[in-house]
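I have placed the structure first, in the form of structure tokens, so that the comments after it can refer back to it.
We did not get these values from a lab; they are worked out from the coordinates using the rules stated. Since the model is a prediction, treat every value here as computed from it, not as a measurement. Positions of Cβ are generated from backbone atoms using ideal geometry, with glycine treated the same way; all protein chains shown enter the neighbour counts.
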Amino acid sequence: MLNLIAKSPLSARIGLCIVVFNIVVAIFAPLVAPYPETQVVGDVWEGMSGEFPLGTDHLGRDLLSRLIFGARNTIALAFITTMLSFLSGTALGFVAAVKGGWIDHLFSRIIDIVMAFPTLIFALMILSVLGSSLPILVVTIAVLDSTRVYRLARAVAMDIGVMDFVEVARLRGEGLWWIMRREILPNAMPSLVAEFGLRFCFVFLFIASLSFLGLGLQPPLADWGGMVRENAGAITFGIFVPLIPAAAIAFLTVGVNLIVDWFLHLASGLRN
Amino acid sequence: MKPENLLEIRNLFIEGFYENRWNTIVHDISLDLKRGEVLGLIGESGAGKSTIGLAAMGYTRQGCRLASGSIKLDGMELFDAPEERLRSVRGAKIAYVAQSAAASFNPSHRIIHQYAEGPVRHGIMDYAQAARNAVKIYDRLFLPNPEKIGFRYPHELSGGQLQRAMVAMAMSCEPDIIVFDEPTTALDVTTQIEVLASVKEITEKMNKAALYITHDLAVVAQVAHRIMVLRHGRLVEEGETRRLIKKPKEKYTRDLLSVRTLSEDRSGADKTDVVLEVRDVCATYNGADNVLEDIDLTVRRGRTVALVGESGSGKSTLARVITGLLPATRGTISFLGQPLSPDLKRRDKENLRRLQMIYQMPDTALNPKQRVGTVIGRPLEFYFGIRGKEAEKRIRDLLARIELEPAKYIDRLTTELSGGEKQRICIARALAAQPDFIVCDEVTSALDQLVAEGILSLLQGLQRETSISYLFITHDLATVKAIADKIVIMLEGRIIEQGEKTEVLTPPHHEYTDKLLASVPVMDPDWLDNLLEKRASTYLSN
């Protein structure tokens, strides 16, 4: 692994630094942040100063501290959600592609039905019925996201499934697990990893829009998407406060995608 | 004043980037091409033929670069030329016909629109004029229904027609030189003739110069005036076609010439026990039209049955029926005296183990993410439960049997092998199961001659050692003559003739067998002309 990093291109190293930086800050948030997450410490929308390096938000809380604690909630939540959606979406997609026939039809039609609802409305429906606790939030977004992953995984696996080496495995009498795990997955990895980078970022935004409707992360917990929304009004007064959490999202997105690009490059086997 | 040579390449070196450094892949090649002349470039894969062909257009594949030398096209230097000058030349003055027309056409545009793209972009003519020209050229290249055919999509044409449409497209800007890169390699013998005739038509009657790249000496002998034999990016021998074929100077050229005469020795192969028996088998893909009808076939132990026919005749479908991938709708298949379930899913592990298959494209038959050890080790583990040290020992034995050095290959990824090595690994994977019967589906058609010969003699050697039976599917009659005991000829899903090899190959033949046999190029520069003349005269007299 270290060897691999030593050989990685500059862009990948930058990406790696960004992601590691974010994770370290998130883990040691209570030590790094100058103020507690939810305490009102100053005036509303104060400018940058020695006391408040990035100023304060719409309630007078220190923006830097909220940003640091927000990294915690946002990254952990987005990561768990994306992982969950990829595990389920990929598994179902592969089964549908390999088995084909009525299983494929059944899965695909159910997914079609879920996809037919606008995601936001679907999420609203579930969250207002079941309440907005963290586990339910994670599962709901994961389920909605996994429909897209399913589509991709199924399409990719279909392409790979017609290759002769999969036929060889079938002729050998291999079971579903071997074919999915050993023949298809390694070849589907590049597409899935690329999609992972993208989905990971979409999840931030989705959580932000749910927060906007009062069903995402509940205040006073900080998350980057929510911080953009809470402070959006400041823009009209020429205060750039909402741009800071937005920049944090962009920063991490770029970092993740730089790493994803590097993975893709490795997986494609192209040299230079 | 125009220079005498249309294309002049001098001391060309080309480098490729692999193993983290630049390596020279084409060494000091010089060539001249005059108007109306066809130069054949021949050699195994990896000889640098295509690289040189592309370099003639000032182009290199990704990961390659022109290192030094000079490429003069009609007096214009292309080496290190600015992109703009190259663009104005490509297509307009020099055009390229790729190996696989099916993969080179855009599937969602009509043929004629793709034809017109070049001339319209180069500003030589407008669309209407290009379309009129297209019809003329389609007609000259013997494409059926030239007025309408351009309005079809690529998938609506056969392989041979598509390849000719590709040649027509290369002609669209009336270039001086055309580079043909293995234009007939992916075609069967009967369609190959049509394309070769088109190539001849263009080069002789239209007075164009051409570079003709192939690995098949018999093919290049039909069209080229001069031949350059290449190996490992170096020139082995160059000469006028007739001279080269009659009196090759180098040993390597002689090897290439002698490939098609593989020795045969099968004294001990007259045992009588039946391994596979197929009776009255019918099969269909859509439930209505039978693609196979009333197939009867017997394969005996230690014997090789060759299944011959052009593409679309149902050869590979029969292989799918025998392996159970496509359950037969009628008829019976029995294997080692026991009836075999038509459906793969209902066959037991023991039967699956005894009946193995080797594929046409070793590239797709091996998982690109697996290592050689895993590929060969899996059948050992799956069928016999062998793993760990014992498995590794067996894998090494198998690698030694297919003549690959175990220590060097066992940890390689399958993508790090050449085509011939990949096919050997596929054979080892089949052997690992210790089968009684192997279906070989066009196992040599994706390989060049010398490599293919190696694979065939390997298969023959294994048969002598273990008395495996083969069902050998092929469209290459030279292969059939070399290795088959029995020949089965298929046409449109039916068997039209079958019998012992000598029986089938001695006249009188079935009419179709005759045509098939006559279509195999032989090492004679006049063969194509004679054949076309003969066909034309019989066509007229009908």
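How big is the charge dipole of chain B about its Cα centre, in debye rounded to the nearest 20, if each Lys and Arg gets +1 on its Cβ and each Asp and Glu gets -1 on its Cβ?
Values: 72 positive and 74 negative charges, 197 e Å.
Dipole of chain B, to the nearest 20 debye: 940 debye.
Working from label points 7 Å from Cα in the Cα-to-Cβ sense, the B:D28 to B:K200 distance is 3.8 nm. Per-residue ellipticity at 222 nm computed for chain A from its helices equals -23500 deg cm²/dmol, with DSSP H segments shorter than 4 residues left out and the rest contributing -39,500 (n - 2.57). For the Cα atoms of chain B, what angle does the longest principal axis make with the long axis of helix B:159-170, in degrees from 0 to 90, nearest 10? Value to nearest ten degrees: 20. Long-range amide H contacts for B:E497: which residues qualify at under 5 Å (H placed 1.01 Å from N, peptide plane, sequence gap of 5 or more or a different chain)? Residues meeting the criterion, in which the H sits 1.01 Å from N, are B:I489. The phi-based Karplus calculation (6.51 cos²θ - 1.76 cosθ + 1.60; θ = phi - 60°) puts the 3J(HN,Hα) values of the range B:419-426 at x, x, 5, 4, 5, 5, 5, 4 Hz, whole numbers, x for Gly and Pro.
Once you have a ≥ b ≥ c as the square roots of the Cα gyration tensor eigenvalues for chain B, tell me rounded if a/c is under 1.5, and otherwise prolate or oblate according to whether a/b is larger than b/c.
Values: a/c = 1.87, a/b = 1.46, b/c = 1.28.
Prolate is the answer for chain B, as a/c is 1.5 or above and a/b outweighs b/c.
List the aspartates and glutamates whose alpha-carbon lies under 14 Å from that of B:K481, not counting same-chain residues fewer than 8 positions away? Cross-link targets: B:E264, B:D265, B:E453, B:E500, B:E503. For chain A, rounded, prolate or oblate, judged on the Cα gyration tensor with a ≥ b ≥ c (square roots of eigenvalues), a/c < 1.5 rounded, else prolate if a/b > b/c? Oblate is the answer for chain A, as a/c is 1.5 or above yet b/c matches or exceeds a/b.
Cross-link partners for A:K7 among the aspartates and glutamates, with Cα-Cα distance under 16 Å and sequence neighbours closer than 8 places in the same chain left out: A:D261, B:E19. Comparing A:F165, A:L54, A:P190 along the charge dipole axis of chain A, the residue lying farthest to the positive side is A:F165, per the Cβ-charge model.
Can you work out the FRET efficiency for the pair B:D294 and B:K251, with r the C-beta to C-beta distance and R0 = 45 Å, to the nearest 0.05?
That pair, B:D294 with B:K251, gives E of 0.35.
Computing FRET efficiency as 1/(1 + (r/R0)^6) for A:V44 and A:L120, where r is the C-beta to C-beta distance and R0 is 30 Å, gives about 0.50. Assuming R0 = 30 Å, can you tell me the calculated FRET efficiency for the pair A:L205 and B:L325, based on Cβ-Cβ distance, to the nearest 0.05? For R0 = 30 Å, the calculated efficiency reads 0.05. State to the nearest 20 debye the size of the charge dipole of the range A:52-173 about its Cα centre, where the only charges are +1 on K and R beta carbons and -1 on D and E beta carbons. Here the range A:52-173 has a charge dipole of around 140 debye. Here the simple spin-label model places points 7 Å from the Cα toward Cβ, and for B:E240 and B:R121 these points are separated by 4.0 nm. Spin-label model, A:V254 to B:D348: label points 7 Å out along the Cα-to-beta-carbon direction sit 6.5 nm apart.
What does the C-alpha gyration tensor say about the overall shape of the range B:391-480? Classify as rounded when a/c is under 1.5, otherwise prolate if a/b is larger than b/c, or oblate.
Details: a/c = 2.08, a/b = 1.30, b/c = 1.60.
Because a/c hits 1.5 or more and a/b fails to exceed b/c, the range B:391-480 counts as oblate.
Cβ-to-Cβ counts within 10 Å put A:Y35, B:Y153, B:Y59 in ascending order as B:Y153, B:Y59, A:Y35, the fewest first. Cα axis of helix B:127-140 to longest principal axis of chain B: angle in degrees, 0 to 90, nearest 10? Approximately 60 degrees, to the nearest ten.
Contact order for the range B:421-542, expressed relative to its length and based on alpha carbon pairs under 8 Å spaced 6+ residues apart, stands at 17 percent. Residues A:S49, A:S88, B:S88, B:S198, ranked from the fewest to the most other C-beta atoms within 10 Å, line up as A:S49, B:S88, A:S88, B:S198. Past 23 Å, Cα to Cα: identify those pairs from B:K49/B:K93; B:K34/B:K136; A:K99/B:K315; A:K99/B:K349; B:K205/B:K249; B:K34/B:K93, in the order given. From the list (B:K49/B:K93; B:K34/B:K136; A:K99/B:K315; A:K99/B:K349; B:K205/B:K249; B:K34/B:K93), the Cα-Cα distance tops 23 Å for B:K34/B:K136; A:K99/B:K315; B:K205/B:K249.
Cβ crowding within 10 Å ranks A:T119, B:T506 as B:T506, A:T119, fewest other Cβ atoms first. Taking the longest Cα principal axis of chain A as reference, the axis of helix A:63-99 is set at about 10 degrees.
Relative contact order for chain B using alpha-carbon pairs under 8 Å, separation at least 6, rounded to a whole percent? Spell out each step's value before the answer.
Working: 1030 pairs, mean separation 78.7, N = 542.
Rounded, it is 15 percent for chain B.
Backbone geometry of the range A:21-37 corresponds, through the Karplus equation with coefficients 6.51, -1.76 and 1.60 at θ = phi - 60°, to 3J(HN,Hα) couplings of 4, 4, 5, 4, 4, 5, 5, 9, 3, x, 7, 7, 5, x, 10, x, 5 Hz, x marking Gly and Pro. Each Cα pair under 8 Å and six or more residues apart adds its sequence gap; the mean of these over the residue count of the range B:68-125 is a relative contact order of 22 percent. Listed by chain and number, the lysines whose alpha-carbon sits under 17 Å from that of B:K408, ignoring those within fewer than 8 places in the same chain, are B:K393, B:K422. The alpha carbon centroids of the range B:126-174 and the range B:476-499 are separated by 34 Å.
Separation of the range B:374-388 from the range B:1-47 is 46 Å, based on Cα centroids.
Please report how far the C-alpha centroid of the range B:204-244 lies from that of the range A:234-260, rounded to the nearest whole angstrom. Spelled out, the Cα-based centre of one part sits 63 Å from the other.
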